[in-house]
2 protein chains.
Amino acid sequence: MKLSTKSRYGVRALFDLAYNSGSLPTQVQDISRRQDISPRYLEQIFQNLKKAGILTSKRGPKGGYTLARKPEEISIRDILLATEGESLFVDCIVVGDGRRKRKPECGLNGCCVTQTIWSDANNLMTEHFGTVTLKDLCERAQAMGLKREVDNRMMYFI
Amino acid sequence: MKLSTKSRYGVRALFDLAYNSGSLPTQVQDISRRQDISPRYLEQIFQNLKKAGILTSKRGPKGGYTLARKPEEISIRDILLATEGESLFVDCIVVGDGRRKRKPECGLNGCCVTQTIWSDANNLMTEHFGTVTLKDLCERAQAMGLKREVDNRMMYFI
DNA sequence: CTTAAAACCTACTATTTCTGTCAACTAAAT
DNA sequence: ATTTAGTTGACAGAAATAGTAGGTTTTAAG
Ligand code: FES
Ligand code: FES
């Protein structure tokens, strides 16, 4: 099991957005260039993130994407929820509302011993990723000495 | 990201072995029947687990597989290590010996902010899964009231 | 010694998921 | 009106996964 590129790209792109952009919308192509991700593909990912309420978008010239909340209010968990779905590890865990479709998969439902393991692990990861935010990432980046790209659109407003 | 069937089947099969078998070797077909896993596929998985030193085997009639260690000495981590490889989440984490091939994947190596996240998470999971053993699973199973299958080969020895 | 039961090995196929691209469309700014 | 840029859904190639199959080797039992 590996994270899908949707998740990895998603996290990187959102970090990039938090790190390099001000309050102005940022175009997909800029992030794509900086992070070396196919722009078309990134659009798809951003669409998911938008549905998840993590991004907002603005069309037209000078349009682009903006974080829907402050970086410290967006956790890795939020992102993974949008890109991977509710449960890592297995599909058969029943979360929250009982309307979710169940795939028993092994043993009868509720009688599966291994399910408890994956469920525990899932809770642990959820809790952990919930504490790591984009702001933390930005701080790490700064500590590592990563340069921000100067946003040349600011020129017009000086 | 979901666990591969190799991992899920593997854990279930090993649990089955720990729960239902005595010291005698158990055949693939028995486990396959009890756990409803394709016998031919299970053979493949068992080969991996054997290479990883978790199982020992005996050929010929009355042959089969046996746990290489006591159930309390086999952790979920050991199993996942055999079925999933060293790192969950991403491929680019460098573990232990530097001879492992690196796939930078995002940013320059050592300069990737997100890598630290996945690495942390990987460590956390490794630590957690390292504390859960097959014995724990057996205890849970007993608490849940799962029946053991009577091993009818014992009949011959009474 | 023969037979049969089981693990062992290699290769193949089918299915699904992932990754990325394309073209047509819609909204916004000038 | 025109142009820029995001939106959408379909789609195709690649890769990983899941499972199948045939044959070989080892070993216990008769
Ligand atoms: S029912 Fe899902 S792990 Fe067993
Ligand atoms: S280099 Fe692997 S996550 Fe960035």
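The values are calculated or read from the model by the stated rules, or taken from the named source; none is laboratory data. Owing to the predicted nature of the structure, the values given are computational and were not obtained by experimental measurement. Ideal geometry is used to build each Cβ from the backbone, glycine not excepted, and the neighbour counts take in all protein chains shown. The accessibility values were calculated without ligands, DNA or RNA, using every heavy atom of the protein model including side chains. Shrake-Rupley method; radii C 1.70, N 1.55, O 1.52, S 1.80 Å.
Can you pull out every residue in region A:21-75 that is part of a helix (DSSP H, G or I), of a type in the set (D, E, K, R) and more than 14 Å from the chain's Cα centre (by Cα)? Working first, answer last.
Let us first name the residues in region A:21-75 that are part of a helix (DSSP H, G or I), namely A:28-35, A:39-51, A:71-73.
Filter once more, keeping what is of a type in the set (D, E, K, R): A:30, A:33-34, A:40, A:43, A:50-51, A:72-73.
The answer is A:Asp30, A:Arg33, A:Arg34, A:Arg40.
Out of the residues in region A:9-18 meeting the condition of being open to solvent by 10 Å² or more (accessible area, probe 1.4 Å) and more than 7 Å from chain B (Cβ to nearest Cβ), tell me which one is modelled with the lowest pLDDT. Give the derivation first.
If we filter region A:9-18 for residues that are open to solvent by 10 Å² or more (accessible area, probe 1.4 Å), which is where we start, we get A:9, A:12, A:15, A:18.
This time we only want the ones that are more than 7 Å from chain B (Cβ to nearest Cβ), so: A:9, A:18.
Values: A:Tyr9: 88, A:Ala18: 93.
Among those residues, the one meeting the criterion is A:Tyr9.
Is there a residue being touching a residue at least 40 places away in the same chain (Cβ under 8 Å) and β-branched (Val, Ile, Thr) anywhere in region B:1-16? Explain how you work it out, then say what you get.
From region B:1-16, those touching a residue at least 40 places away in the same chain (Cβ under 8 Å) are B:1, B:3-4, B:6-7, B:10-11, B:14-15; that's our starting set.
Narrowing further to those that are β-branched (Val, Ile, Thr): B:11.
Checked region B:1-16: at least one residue is touching a residue at least 40 places away in the same chain (Cβ under 8 Å) and β-branched (Val, Ile, Thr).
Please find, within region B:121-158, the residue that is most open to solvent (accessible area, probe 1.4 Å) out of those that are assigned to a loop (DSSP other than H, G, I, E, B) and modelled with pLDDT under 95.
So in region B:121-158, the residues assigned to a loop (DSSP other than H, G, I, E, B) come out as B:132, B:145-151, B:158.
Next, only the ones that are modelled with pLDDT under 95 stay: B:145-151, B:158.
Values: B:Gly145: 55, B:Leu146: 55, B:Lys147: 185, B:Arg148: 114, B:Glu149: 74, B:Val150: 119, B:Asp151: 38, B:Ile158: 169 Å².
Filtering first and then ranking leaves B:Lys147.
Name the single residue that is surrounded by the most Cβ atoms within 10 Å (Cβ to Cβ) among those in region A:22-41 being under 18 Å from B:Thr114 (Cα atoms) and more than 10 Å from DNA strand D (Cβ to nearest atom).
Step one: filter region A:22-41 for residues under 18 Å from B:Thr114 (Cα atoms), giving A:31-37.
Subsequent filtering for residues that are more than 10 Å from DNA strand D (Cβ to nearest atom) retains A:33-37.
Working: A:Arg33: 12, A:Arg34: 15, A:Gln35: 17, A:Asp36: 12, A:Ile37: 21.
Ranking the candidates gives A:Ile37 first.
Quick one: is B:Val95 open to solvent by less than 60 Å² (accessible area, probe 1.4 Å), within 16 Å of ligand 2 (Cβ to nearest atom) and modelled with pLDDT under 75?
Numbers: open to solvent by less than 60 Å² (accessible area, probe 1.4 Å): yes; within 16 Å of ligand 2 (Cβ to nearest atom): yes; modelled with pLDDT under 75: yes.
Yes: the conditions hold for B:Val95.
Any idea which of B:Lys70, B:Lys62, B:Lys51 is in contact with a Pro (Cβ under 8 Å, 6 or more places away or on another chain), in contact (Cβ under 8 Å) with a residue 24 or more places away in the chain and loosely packed, with under 15 Cβ neighbours inside 10 Å? Before you say what the answer is, go through the steps one by one.
Numbers: B:Lys70 fails: in contact with a Pro (Cβ under 8 Å, 6 or more places away or on another chain); B:Lys51 fails: in contact with a Pro (Cβ under 8 Å, 6 or more places away or on another chain).
Going through B:Lys70, B:Lys62, B:Lys51 in turn, just one is in contact with a Pro (Cβ under 8 Å, 6 or more places away or on another chain), in contact (Cβ under 8 Å) with a residue 24 or more places away in the chain and loosely packed, with under 15 Cβ neighbours inside 10 Å: B:Lys62.
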